[in-house]
Amino acid sequence: KMSGKANSVFNIMPMTFILPKEYVGFLEAFTEFEEQEGKFNYWIMKPAASSRGRGIQVINDISSVTYGEPMVMQRYLKNPLLLNGFKFDLRIYVLVTSVNPLEMFIYKEGFGRFSTVPYNLDPNDKHNRYIHLTNYRINKYNKNRDPVNNDEISGGCKVSLETLKKKIEAAYDISWDR
């Protein structure tokens with residue numbers, strides 16, 4: 001629970017539920033969005049105790065939801081910032097040395113990860129992990145990636161944060177620092 005002011009500043013995460021504990025809340029939200037969006041009601045389902053993209057699925061059908069183990073259900077961001085048509089994410093590491101008072105250090109160098117198939121929301125492609133996931137451990141196995149576009153920012157590879165900054169600044173004509 002956050003105050004209105006804190007919520008306006010820190011409201012940066014998609015709607016999230018932890019199953020099975022929050023199943024009723026998830027079901028209510030899923031149903032509400034399904035009425036509005038139909039087959040484009042996308043959610044991402046992630047095993048809570050997994051890594052490297054294992055078990056992650058994009059779903060739009062409530063019958064696809066499983067939770068024999070704790071599962072994180074998040075509203076799928078359908079309009080992500082793309083670079084050359086590919087989804088990407090940032091990994092930036094923070095060391096928290098004190099909570100009260102809050103003291104933390106941001107590591108200056110992180111990295112970006114890219115999907116290997118250009119982004120689209122076609123319901124027929126919702127199971128294509130190479131479109132929707134940026135995990136290196138998944139994308140390195142895409143044998144059908146386009147060799148012409150398989151440069152330092154696509155192809156499921158990792159790039160330094162500095163390289164990513166330069167590519168975003170060039171693609172969007174913006175100042176990263178600003």
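The values are calculated or read from the model by the stated rules, or taken from the named source; none is laboratory data. All values reported here derive from a predicted model rather than from experimental measurement. Every residue, glycine among them, receives a Cβ derived from its backbone with ideal geometry; neighbour counts consider all protein chains shown. In case anyone asks, the SASA skips ligands and DNA or RNA and just uses the protein heavy atoms, side chains included. Shrake-Rupley method; radii C 1.70, N 1.55, O 1.52, S 1.80 Å.
Computed with every protein chain present, the accessible area of K166 is close to 130 Å² [probe 1.4 Å].
If only the Cβ of Lys and Arg carry +1 and only the Cβ of Asp and Glu carry -1, the dipole of the stretch 1-134 around its Cα centre is close to 480 debye.
Taking all Cα pairs closer than 8 Å and separated by 6 or more residues, the relative contact order of the chain comes to 17 percent. At a probe radius of 1.4 angstrom, the accessible area of the stretch 1-67 per residue rounds to 66 square angstrom. Comparing N41, N124, N139 in a Gaussian network model of the chain where C-alpha atoms under 10 Å apart are linked, the largest mean-square fluctuation is found at N124.
Nonpolar atom fraction for the stretch 1-108, defined as the carbon and sulfur part of the 1.4 Å probe accessible area, stands at 58 percent.
Once the C-beta distance of S63 and N144 is scaled by a Förster radius of 45 Å, the resulting FRET efficiency is 0.95 to the nearest 0.05. Tell me which of G85, M71, V24 sits at the most positive position along the dipole axis of the stretch 19-102, charges placed on C-beta atoms (Lys, Arg +1; Asp, Glu -1). Looking along the dipole axis, the top candidate is G85.
Evaluated over the Cα positions of the chain, the convex hull gives a direction-averaged projected area, one quarter of its surface, of 12.8 nm².
When the helices in the chain are scored as -39500 (n - 2.57) per DSSP H run of 4 or longer and the sum is shared across all residues, what 222 nm value do you end up with, to the nearest 500 deg cm²/dmol? The partial results should precede the final answer.
Numbers: 5 runs with 42 residues, N = 178.
Only helices count here, giving -6500 deg cm²/dmol.
Just checking the listed ones, D122, D61, D89: in the Gaussian network model of the chain with Cα springs under 10 Å, the one fluctuating most is D122.
With every protein chain in place and a 1.4 angstrom probe, the accessible-area ranking of I106, I62, largest first, reads I106, I62.
Here E32 and L102 are evaluated by their C-beta separation; at R0 = 25 Å the FRET efficiency comes out at 0.10. Placing a pseudo-label 7 Å from each Cα along the Cα-to-Cβ vector at S50 and R178 gives an inter-label distance of 4.2 nm.
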